[in-house]
Structure formats: structure tokens, C-alpha cells
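The block underneath contains the structure these notes are about, expressed in C-alpha cells.
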């Protein structure tokens, strides 16, 4: 299993207000995308586990009818997973962006790459942006020390030091919700006065955790742990690509239901487990991703229990 890959580029793409219903997935990605509340994908949590070329099922109009649900102790659905073809507002899928949009995306990526970790900003790009969109860009907080990470997240989640199989914490990226407080007209005016390709207004983070991407290592092998705030996700639904190519099963660990998935990849059989449980009064989604035999249906409980703070 490879270490957690950056999710910034694909997340940027979904953020682009110029193409709110176009998805460009011509490169390998492995990401969890959670949207803010005011736009299309804001309503829906989208999980993409896809390699180059695995686009046919969407572009051909394939519509999976299978879906999977996880319920809490009261029998209420707290998580369900569907194929991306079942998103209510159908996205247009493209394999290649038009030249102007690509230039705009490239400029966004360039700006994001120049930002310091743990910063966020409202950015108005004056070129290749006929609709005068203002983008919210950010670079996640980065941690190579578990103590520093735990201090930053506080009591919102528990981050374990080790995972089953002798895997130890390696590093992590962390984001919080962003205070989107900016004046578009002021940015337009600033850009006109300064005659620059783009202008920036720094933004502040809230103290509400959004997503944690953590990597655990044993020798040359990695386990990826992703924890995200699952509050306000529309219909508690996550959408995945090519669900029909994945083997899935709901497994119960005590009173917690867990969705176990296997899928063939170039690195072998990729396995992941997903579950939602309440922590600090909020529904949090947990996902463990790996390859090989470190994760099996027989030891799922060990991973779930590893997320519980030691008393």
C-alpha cells in the first residue's frame, strides 16, 4: 500500500465554480472529498478510488442499483454508499479539460503550491476566468509528530499511536472548516489597482475539524487512516466509482456496523473498511485503506477498537 497521496489537486477541481458539474479524472487519485454546503458537491460526499482509464462505467451511462447501508444501535441509517452514477444531479464527466479551464486550474495549483501549510485564502484569478470566480484555496496543516497532531485536534477525535500489525504513526495532513468571509468586490478592485494575475485575501480556520489524512508505516508497507466529520452530509451518503467492481460486505463489531471492501489494483488487492461512530457529540467517518493481509474480515474489530481512546 502506498502512503496517502495528496488530495489537493482533485479537490481543487471539484471546487472550481466554472465547472461545477465536470469531473476530470485522467490521473490516478485516491481521495475522499467532502464539500462545503453552498455548491453541488457540497451536498454530497464523493469517494473516488480509481486508476487511469476506469471511466467507462460513468461515461457510458451505467447506473448501479446496488447500495450498502450502515445503521446505528437504533436501526437508523448513519451511512450509505452508492455508485457515483446515482448522484441525483448527474455530473458531466470529461477526460480532458478545455484549454482555458486547464490554464485556470494550473494557475490555481500554482498558487496552492506556493501557500504555507495550515493557511487558507480567498483568491481572485484575473486570467482565464471570464465569470470572475473567487476561489477558496488552502494547504492542509502538516504533522510528522503525533503529540503535535493530538494537541491540534484536541478532543474532537482520538488519533492512535499504532495500528494492528505493528504499524506506527508516520505523518498526517489536517484541515478544519474555513471561515469564508471575504468581499468579492474588494478583491476585484484590488486586482484592477495592482494589475496582477491574481490577488489574495487570507482567511481564517474555524475550530471544527473537517478531515484528517494519516499514514502509518511498518517497514516499507503503509496503512492509510482517514477520519472526516460526517455531520451535514446529505442523506449520509458517500458515492464511489465503479462500485460493481468491488466486493463488499457489512460486518458487525459489537454494536458498530462496518463496510468491508476488496478491489483489485495494480498493487494487489486493495482493502478498506468504513464506519461511522459518534465522537465528542459528532458523527465521524473512519476509513482504513491498505493492501495485503494486514486487514482481513477476521481482524476488523482490532482496527475499530484502535480508534477508541484508552481509558
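Descriptive notes on the structure:
- Condition met for residue 117 (assigned to a loop (DSSP other than H, G, I, E, B), in contact (Cβ under 8 Å) with a residue 12 or more places away in the chain and loosely packed, with under 15 Cβ neighbours inside 10 Å): yes
- A count restricted to the stretch 225-254 and to residues that are closer than 12 Å to residue 289 by Cα and surrounded by fewer than 20 Cβ atoms within 10 Å (Cβ to Cβ) stands at 0.
- Failed item in (1) modelled with pLDDT under 90; (2) in contact with a helix residue (DSSP H, G or I) (Cβ under 9 Å, 6 or more places away or on another chain); (3) under 24 Å from residue 219 (Cβ atoms), with residue 240 passing the rest: (3)
- Here the condition is being under 20 Å from residue 167 (Cα atoms), surrounded by 16 or more Cβ atoms within 10 Å (Cβ to Cβ) and in contact (Cβ under 8 Å) with a residue 24 or more places away in the chain; of 257, 302, 287, it holds for 287 alone.
- The set of residues in the stretch 100-126 that are farther than 24 Å from residue 204 by Cβ and in contact with a helix residue (DSSP H, G or I) (Cβ under 7 Å, 6 or more places away or on another chain) comprises 105, 126.
- Residue list for the stretch 129-147, filter: over 17 Å from residue 200 (Cβ atoms) and either modelled with pLDDT of 95 or more or touching a helix residue (DSSP H, G or I) at 6+ places or on another chain (Cβ under 9 Å) (or both): 130, 140, 141, 142, 143, 144, 145, 146, 147
- The test for being farther than 24 Å from residue 88 by Cα and either assigned to a strand (DSSP E or B) or touching a helix residue (DSSP H, G or I) at 6+ places or on another chain (Cβ under 8 Å) (or both) does not hold for residue 276.
- Filter result for the condition that a residue is surrounded by 15 or more Cβ atoms within 10 Å (Cβ to Cβ) and in contact with a helix residue (DSSP H, G or I) (Cβ under 8 Å, 6 or more places away or on another chain), over 198, 213, 222: 198
- Count of the stretch 290-299 residues which are closer than 10 Å to residue 164 by Cα and not in a loop (DSSP other than H, G, I, E, B): 1
- Within the stretch 201-251, the set of residues being over 16 Å from residue 270 (Cα atoms), in contact (Cβ under 8 Å) with a residue 60 or more places away in the chain and outside any strand (DSSP E or B) comprises 230, 232, 233, 234, 235, 236.
The values are calculated or read from the model by the stated rules, or taken from the named source; none is laboratory data. Not measured: the values here are computed from a predicted model. Heads up, the Cβs are rebuilt from the backbone with ideal geometry, glycines too, and the neighbour counts pull from every protein chain shown.
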